[in-house]
Amino acid sequence: MIDLRPWRDRTVVITGGNSGIGLQAALALKAAGADVVLACRDTTRAAAVAQGMAVRELDLADLDSVEAFADRTDRVDALICNAGVMGGPLLGTVQGHERQMGTNHLGHAALIARLFPLLEQSRGRVVLVSSIAARGGSLGPQLTVDDLVSPPAYLSQKVYSNTKQANLLFAQELHRRVGDRVASVACHPGVSWTNLFLRQLEDEGRGWLVPVAKVLGPIFLQPAKAGAQPTLRALLEPSGSFIGPKRFNQVRGPAEVLDVYTTGSDPATAARLWDVTEQILQIPLPH
Ligand SMILES: NC(=O)c1ccc[n+]([C@@H]2O[C@H](COP(=O)([O-])OP(=O)(O)OC[C@H]3O[C@@H](n4cnc5c(N)ncnc54)[C@H](OP(=O)(O)O)[C@@H]3O)[C@@H](O)[C@H]2O)c1
């Protein structure tokens, strides 16, 4: 049982907190007395599951929405960058960036940058939700702007892996740059049964598989509540840590401190990702 009492009366913003792992983490924090803010793109759907938690609009696939969210925020002790999309056809964000990278990495990087003064004020922390898919990421030190915003060959699962590698690299680089003022911890939920898989099937034109997945998913995958444990433990571990399950090649099990994957630990790639992200966003990242 993870002891969340240190988060009592503290403000925790969770992106995509209306569903899956994010919702389970939010409910555990609410039960521990935290002031939880669900930052979601569909506030009506979020309000339906909020159980008294605050709901605020945030679309990570629109950098203006990210800016507006930050402008309306006056307190944050922890920012959990949990929202994510996986797979689907090649689509763009409002600013025309590839949708998976735009949502999973660029939107979160912009949100972190814009909320950083508040996080610094509260000596707060950032949690970035990565994935075991980060192990298959191919971002390297020669990374270009185009690699992130318009990948030359769109292989949807490869791009997803790159987005999750970016989350892990970004968490490490944030730790190196500002970890003495704002803690930065990465985590991954193993493989947990959530809407992520159903949405991927629908987005990829395989919606006919949804009824089968709904039967098999809960049997073979761990529940979202178990997948939320690494996120919760990441709220308690020192800056620079990486948290996730260890069992079955990290697919499931209790949340433990892990070694950072090779793909997520190269400082040259992380520094390059930082610079390229700054060029795309045209705002200064935390320093
Ligand atoms: N489930 C797993 O096994 C697994 C494994 C590794 C990593 N992860 C990561 O865990 C995180 C949570 O995923 P999940 O499994 O809990 O899936 P989920 O139930 O589908 O939750 C994803 C959340 O992200 C939100 N979201 C998507 N696009 C957004 C946008 N543009 N702006 C704001 N919010 C947006 C979704 O909102 P809507 O409800 O409006 O779509 C939803 O709330 C993701 O980062 C995912 O990559 C999951």
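The values are calculated or read from the model by the stated rules, or taken from the named source; none is laboratory data. Computed from a prediction, not measured in an experiment: that's the story for all the values here. Here the Cβ positions follow ideal geometry from the backbone for every residue, glycine too, while neighbour counts run over all protein chains shown.
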Go through (1) in a loop (DSSP other than H, G, I, E, B); (2) of a type in the set (Gly, Ala, Ser); (3) over 19 Å from CYS187 (Cβ atoms); (4) at pLDDT 95 or above for ALA68 and report which single condition fails. (1)
In the set LEU221, LEU216, the lone residue that is of a type outside the set (Phe, Trp, Tyr), within 15 Å of the ligand (Cβ to nearest atom) and either free of Cβ contacts under 8 Å to residues at least 12 places away in the same chain or out of contact with any strand residue (DSSP E or B) (no Cβ under 9 Å at 6 or more places or on another chain) (or both) is LEU216
GLY84 touching a helix residue (DSSP H, G or I) at 6+ places or on another chain (Cβ under 7 Å), surrounded by fewer than 24 Cβ atoms within 10 Å (Cβ to Cβ) and part of a loop (DSSP other than H, G, I, E, B): no
Sole miss for VAL178 among (1) within 13 Å of the ligand (Cβ to nearest atom); (2) among the hydrophobic types (A, V, I, L, M, F, W, C); (3) within 17 Å of HIS287 (Cβ to Cβ) is condition (1)
Exactly one condition in (1) buried (at least 23 other Cβ atoms within 10 Å of the Cβ); (2) under 22 Å from GLU204 (Cβ atoms) is false for PRO152; which is it? (1)
Could you go through segment 110-120 and let me know if any residue there is modelled with pLDDT of 95 or more, surrounded by 14 or more Cβ atoms within 10 Å (Cβ to Cβ), out of contact with any strand residue (DSSP E or B) (no Cβ under 7 Å at 6 or more places or on another chain) and over 19 Å from GLY179 (Cα atoms). no
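Those residues that are closer than 30 Å to ALA153 by Cα and surrounded by 19 or more Cβ atoms within 10 Å (Cβ to Cβ), I need them from segment 41-61; list them, please. Walk me through it before giving the result.
Filtering segment 41-61 down to residues closer than 30 Å to ALA153 by Cα leaves 41, 58-61.
Residues satisfying the conditions are LEU58, ASP59, LEU60, ALA61.
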If we scan segment 26-33, do we find a residue that is crowded, with 24+ Cβ neighbours inside 10 Å, within 11 Å of the ligand (Cβ to nearest atom) and assigned to a helix (DSSP H, G or I)? yes
Taking the options LEU198, LEU235, LEU258, name whichever one is of a type outside the set (S, T, N, Q), surrounded by 15 or more Cβ atoms within 10 Å (Cβ to Cβ) and within 12 Å of the ligand (Cβ to nearest atom). LEU198
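Report the residue count in segment 161-213 for those that are part of a loop (DSSP other than H, G, I, E, B) and under 30 Å from ASP77 (Cβ atoms). Give the steps one after another, and end with the answer.
Looking only at segment 161-213, we keep the residues that are part of a loop (DSSP other than H, G, I, E, B), and these are 179-182, 188-191, 194, 204-206.
Going one step further and asking which of them are under 30 Å from ASP77 (Cβ atoms), we end up with 179-182, 188-191, 194.
So the answer is 9.
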Residue tally, condition buried (at least 20 other Cβ atoms within 10 Å of the Cβ) and aliphatic (A, V, I, L, M), over segment 261-275: 2
